[in-house]
Amino acid sequence: MVMVTKAPPRSASAAHRALRLLLAAGVTAVSLVAVPGTAAAEDDKSAGNTLTVAVSQSIDSLSPFLAQKLTSTSIHRLAYEYLTNYDAKDARTIPGLATAWTPSADKLTWTYTIRENSTWSDGKPATAEDAAWTFNKMMTDPNAATANGSFTANFAQVTAPDAKTLVIRLKKPQATMTALDVPIVPKHVWEKVGDFSKFNNDKQFPIVGNGPFVITDFKVDQYIKLKPNKTFWRGAPKFDELVFKYYKDGDAAVAALQKGEVSFVPNLTPAQAAALGTQKNIKVNDAPGRRFYALATNPGAKAQDGKAFGNGHKALLDPEVRKALFLAVDRTTLVDKVFQGHAVEGEGYIPPRFGSYFWKPETGQKRTYDPAEAAKVLDAAGYRKNADGKRVGKDGRPLDFRILCHATDPNDKAVGKYLQEWWGELGVGLKVECLDSVSDPWVKGDYDLAFDGWSVNPDPDYVLSIHTCGTLPETPKDSGATDNFICDRQFDGLYAQQAVEYDAAKRADLVKRMQSRLYDTGYMNIMAYPNALEAYRTDQIKSITTMPEAGGNLWGQDGYWSWWSAVPAASASEGESSGSSTNIWLILGPAAIVLVAVGVWTARRRRSTADDRE
Amino acid sequence: MTSTEPTAPSGTTASSGTTPATESSPATAPGKKKPPPATASTPATKSSLTWARRRSTVARFWASYRTRRAGLLGLAGLALIALLALTAPWTVGADVQSVTQAPGTALEPPSAEFPLGTDQFGRSLLGLLIWGARISLLVGLLAAVLSVAIGTLVGIIAGHYGGWFSTVVMRITDWFLVMPTLVLAIVLATVMSRSMWTVVLAIGVTSWPTTARLVRAQTIAVESRPYIERATALGGGHGHVMGRHVLPNVMPLVLAQTTLGISTAILTEATLAFLGLGDPTVVSWGGMLQDARDAGAVSSGHWWYLAPPGIAIALVALAFTLCGRAVESVLNPKLGVSR
């Protein structure tokens, strides 16, 4: 006989498993209702006043030659001086590193006078030589032109005859000469850099700069720390430290604001703004934004060498399809429901805040929400509904689109839900693909539609330049400054005209015509201009300058006004507000009671049967 | 092994080996009285005998299960939730998901019209909670079944073949066992496209090692019994032994494991959806919590948006655990058979 040699092991320990499950249930349930706290370093309660700002967007690079994201460029505003700046009151050009500027009679030679009282944080004076070197680097090294190359593409020669004179010679007139949003870097530090495409300026701290703040420390997705530049020519900032702390979760940031761990939180949801608005010591700022929120369609990604790439849906190359899709988007509902009134309905490319460039489509041109008309347009274009109610192209391919959505942006997901239903009625399928980082498929052209948005500067040149053919990538392998692979000859022609137009009124007219053209192509469909919804603690920040000064925003300004001007409140101590924790307990309470009851009951059962078990 | 070993009755093929296999199963309370033979009035055929035996096994199982109050409670809870989920198309309707036809305004507190208030689109949260049960339960069931299926397959194969093959397979199992399940599931859900099936797959392929270990141990125990040797001697191959003898004997274990696994799977599904890794376009409990977070409900104090899905998840997980434990103790005589 074969002996039973191996006894079956006890089928796990049931007690342990049940306990584990219970714990898992408890932990999940609690973590689901509790605020997921970030592992923030609360160690340095250093002396003096710290202004802590909650941010969520990752830094793409700390190198001013590569940085394009809003967080990075906002920080560069603080760390480096630009030739000129924008007035906080009305965004007109005011002196920055340059104190004065004069064009030649033919407007092809611009002479800037560089201020003498600006020094780099390592003690060396900031001179015209630094500015000339920065521009020359961007003109000669394509890698250094990644972020701001549109400004220097038309430069013929940049020289510094002496320490306080900078001379820029142009190939053609250029309208942006008093709005060159290019951080000027110290030559003596940056001339040692080898490959500009790889150098991210985040190894050696403090980073030498001449702005109102000096970057002293940076940890990816954890924090960026800045100290005031005591010798800043416009006057040193009032706070002793400025910290941008990462909260990838909006609720965690708001909870931190309520507890006084951070002084400022941008990008609130309507519900958060409403809840914070009723709280003591917190001021909610609801200001017209400088962003647009758009629906971008893949126009068939192409490189400058003419090679097409990506896998965008072919039907989107048909202007009628693009038109029909946008006809079926109800912008008023989006503003009412998704933004809950904290936005303005989208019209042209440039937000109404920039009044002189703001453009609206004419009545006949406007694609007003009209699903019946959208269906008619599609019928006429040959995309008829099949037996399943799906629209099919002549090639037999159904109109099933994908839309790239930022997983971190609740608005994208919410608008995606609406689009699915509106387009579903039209017979058009939509798959919402939410990714943490959309840049990968985006750069490869592997998308049909995408949620898109840019912050617009007082000078619109940059946001217009990203839709010109010249910004397409060199080859399908490269990445260009282009936003959405748009290459339209008519748009390019107008862009070239406005770039050389010095007459403000004529230039504004050209910019409006560009927006009109862009509207007609249907490549960029502006859905809304979201407001800046932000909040700060009044017991930590006594006063702070918005831009524009009357009813403007604080986060992402065209300048360093908000953080430079912020004055600490006299007793900037940790004002623990118990109101917030009461709310949390309101939420936690029922869940905790249920869990405790379940736990006690299970434990008792377990005890009563314990001797039977093991 | 000698020739004096009793052989199977003449006329039966090796396949009739199932009969002793199920009856002598270590999991079905050995020593209990044999099931009564088929009624004498009709001549007993092989299949009617089998059915009679199965019926009586189920009856015996139920009689034993019925004595466990916690198990009954769990079962009642499950039946209620399943009923709500299955009748949802008629009670709340698929329209409850629609954002364009939402009846309310954003984030209304509970009222007579909306007993649990509304979400940021103005949809009824009670309706969404009921509708979300469908996805949560479905994903939980599918993921648990997938996980247990993989675990059973790996366990039986490893236990049956033994030797270096078993060692290699079990080392792979160990590797999965020590990997943090949630982290692995997050990685899988991130790299694959966002859909319900991704979540099912992510949970399924990460949570099988426990089952595999249990099943392998049981397989070894079953295969060391004499009747397996008999079956082999009568010409039963690997497939026959594994499929006809081992599988029916590990089934009770697998059943209990599945029931317990569902609650884990539902929790994991909710966690993944809460972390934003689920399909954002379908309504599930975890997804509702993620939506609540997107709307800023936590910091705004909108408890009616957060508490119900969280409590629902906890209750369903609890119900499945109670059922699973009851099933386990009925099927495994070593666990409190006296009760």
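The values are calculated or read from the model by the stated rules, or taken from the named source; none is laboratory data. Everything numeric in this text was worked out from a predicted model, so none of it was measured. Because the Cβ atoms are built from the backbone with ideal geometry, glycine has one as well, and the counts that use them run over all protein chains shown. For accessibility, only protein heavy atoms count, side chains too; no ligands or nucleic acids. Shrake-Rupley method; radii C 1.70, N 1.55, O 1.52, S 1.80 Å.
Residues of the stretch A:378-398 that are among the charged types (D, E, K, R) and open to solvent by less than 40 Å² (accessible area, probe 1.4 Å): A:Arg391 alone.
Here's the yes/no breakdown for (1) open to solvent by 50 Å² or more (accessible area, probe 1.4 Å); (2) within 20 Å of A:Ala450 (Cα to Cα); (3) not in a helix (DSSP H, G or I):
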{"position": "A:Lys477", "(1), (2), (3)": "yes, no, yes"}
{"position": "A:Asn484", "(1), (2), (3)": "no, yes, yes"}
{"position": "A:Asp492", "(1), (2), (3)": "no, no, no"}
{"position": "A:Lys506", "(1), (2), (3)": "yes, no, no"}
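Every test in (1) within 8 Å of chain A (Cβ to nearest Cβ); (2) touching a residue at least 60 places away in the same chain (Cβ under 8 Å); (3) within 24 Å of the chain's Cα centre (by Cα) is passed by B:Pro280 save one, and that test is (3). For B:Ser48, state whether it is modelled with pLDDT of 90 or more, surrounded by 13 or more Cβ atoms within 10 Å (Cβ to Cβ) and assigned to a helix (DSSP H, G or I). Judged against the criteria, B:Ser48 is not a match. Checking every residue in the stretch A:70-87 against the condition of being farther than 30 Å from A:Ala255 by Cβ, touching a residue at least 60 places away in the same chain (Cβ under 8 Å) and open to solvent by 30 Å² or more (accessible area, probe 1.4 Å) gives zero matches.
B:Gly287 - would you say it is within 26 Å of the chain's Cα centre (by Cα), under 26 Å from B:Ala70 (Cβ atoms) and either more than 8 Å from every other protein chain (Cβ to nearest Cβ) or not hydroxyl-bearing (Ser, Thr, Tyr) (or both)? Against the criterion (within 26 Å of the chain's Cα centre (by Cα), under 26 Å from B:Ala70 (Cβ atoms) and either more than 8 Å from every other protein chain (Cβ to nearest Cβ) or not hydroxyl-bearing (Ser, Thr, Tyr) (or both)), B:Gly287 does not qualify. The criterion of being away from chain B (no Cβ under 14 Å) and not aromatic (Phe, Trp, Tyr) holds for A:Asp318. When the residues of the stretch A:275-307 are filtered to those that are buried (at least 16 other Cβ atoms within 10 Å of the Cβ) and within 14 Å of another protein chain (Cβ to nearest Cβ), which remaining residue is farthest from the chain's Cα centre (by Cα)? Checked the stretch A:275-307; the qualifying residue farthest from the chain's Cα centre (by Cα) is A:Gln279. If I filter the stretch A:508-532 down to residues being farther than 20 Å from A:Leu317 by Cα and small (Gly, Ala, Ser), which single residue comes out as surrounded by the fewest Cβ atoms within 10 Å (Cβ to Cβ)? Filtering the stretch A:508-532 for residues that are farther than 20 Å from A:Leu317 by Cα and small (Gly, Ala, Ser), the one surrounded by the fewest Cβ atoms within 10 Å (Cβ to Cβ) comes out as A:Ala508. Answer with yes or no whether A:Thr332 is at pLDDT 90 or above, open to solvent by 20 Å² or more (accessible area, probe 1.4 Å) and β-branched (Val, Ile, Thr). Answer is yes for this residue. Within the stretch A:378-407, being part of a strand (DSSP E or B), over 28 Å from A:Asp440 (Cβ atoms) and basic (Lys, Arg) holds for A:Arg384, A:Lys385, A:Arg391. For B:Leu306, state whether it is more than 19 Å from A:Ala252 (Cβ to Cβ) and either open to solvent by 10 Å² or more (accessible area, probe 1.4 Å) or within 7 Å of chain A (Cβ to nearest Cβ) (or both). When the stated conditions are applied, B:Leu306 does not pass them.
The single condition from (1) within 19 Å of B:Ala295 (Cβ to Cβ); (2) within 14 Å of another protein chain (Cβ to nearest Cβ); (3) not in a helix (DSSP H, G or I) that A:Gln272 fails is (3). Within the stretch A:217-238, the set of residues being part of a loop (DSSP other than H, G, I, E, B) and either touching a His at 6+ places or on another chain (Cβ under 9 Å) or surrounded by fewer than 20 Cβ atoms within 10 Å (Cβ to Cβ) (or both) comprises A:Val220, A:Asp221, A:Gln222, A:Lys230, A:Thr231, A:Trp233, A:Arg234, A:Gly235, A:Ala236, A:Lys238. Looking at the structure I just gave you, is B:Glu223 touching a residue at least 60 places away in the same chain (Cβ under 8 Å) and over 14 Å from B:Ile156 (Cβ atoms)? Spelling it out, it is not the case that B:Glu223 is touching a residue at least 60 places away in the same chain (Cβ under 8 Å) and over 14 Å from B:Ile156 (Cβ atoms). Inspect all residues belonging to the stretch B:126-139 and state whether any of them is assigned to a helix (DSSP H, G or I), out of contact with any strand residue (DSSP E or B) (no Cβ under 8 Å at 6 or more places or on another chain), within 14 Å of another protein chain (Cβ to nearest Cβ) and charged (D, E, K, R). No; the residues of the stretch B:126-139 include none that is assigned to a helix (DSSP H, G or I), out of contact with any strand residue (DSSP E or B) (no Cβ under 8 Å at 6 or more places or on another chain), within 14 Å of another protein chain (Cβ to nearest Cβ) and charged (D, E, K, R).
Note on the stretch A:357-377: residues that are surrounded by 15 or more Cβ atoms within 10 Å (Cβ to Cβ) and not in a helix (DSSP H, G or I) amount to 6.
Of all residues in the stretch B:226-262, those satisfying the criterion of being in contact with a Gly (Cβ under 7 Å, 6 or more places away or on another chain) and facing chain A (nearest Cβ under 9 Å) are B:Ala256, B:Leu260. Comparison of B:Thr118, B:Thr87, B:Thr100 shows that the only residue that is of a type outside the set (Asp, Glu) and surrounded by fewer than 14 Cβ atoms within 10 Å (Cβ to Cβ) is B:Thr87. Cβ contacts < 6 Å: first residue over 16 Å from B:Met288 (Cα atoms), restricted to the stretch B:91-103; second residue open to solvent by less than 20 Å² (accessible area, probe 1.4 Å) and of a type outside the set (D, E, K, R), any location; separation 6+ or different chain. Result? Every condition considered, the pairs that remain are B:Val92/B:Gly127.
Determine if the stretch B:182-195 includes at least one residue that is surrounded by fewer than 19 Cβ atoms within 10 Å (Cβ to Cβ), touching a Gly at 6+ places or on another chain (Cβ under 9 Å) and at pLDDT below 90. So far as the stretch B:182-195 goes, yes, one or more of its residues are surrounded by fewer than 19 Cβ atoms within 10 Å (Cβ to Cβ), touching a Gly at 6+ places or on another chain (Cβ under 9 Å) and at pLDDT below 90. Would it be correct to say that A:Ala535 is open to solvent by 10 Å² or more (accessible area, probe 1.4 Å) and among the hydrophobic types (A, V, I, L, M, F, W, C)? Answer is no for this residue. Considering the stretch A:539-591, the residues that are at pLDDT below 65 and of a type in the set (A, V, I, L, M) include one that is most open to solvent (accessible area, probe 1.4 Å), namely A:Leu586. May I ask you to list pairs of residues, at least six apart or on different chains, whose Cβ atoms are under 9 Å apart, with the first in the stretch B:128-154 being surrounded by fewer than 19 Cβ atoms within 10 Å (Cβ to Cβ) and the second being basic (Lys, Arg)? Every condition considered, no pair remains.
Which condition number in (1) part of a loop (DSSP other than H, G, I, E, B); (2) farther than 22 Å from A:Ile207 by Cβ is the one that A:Ala147 fails? A:Ala147 satisfies every listed condition except (2).
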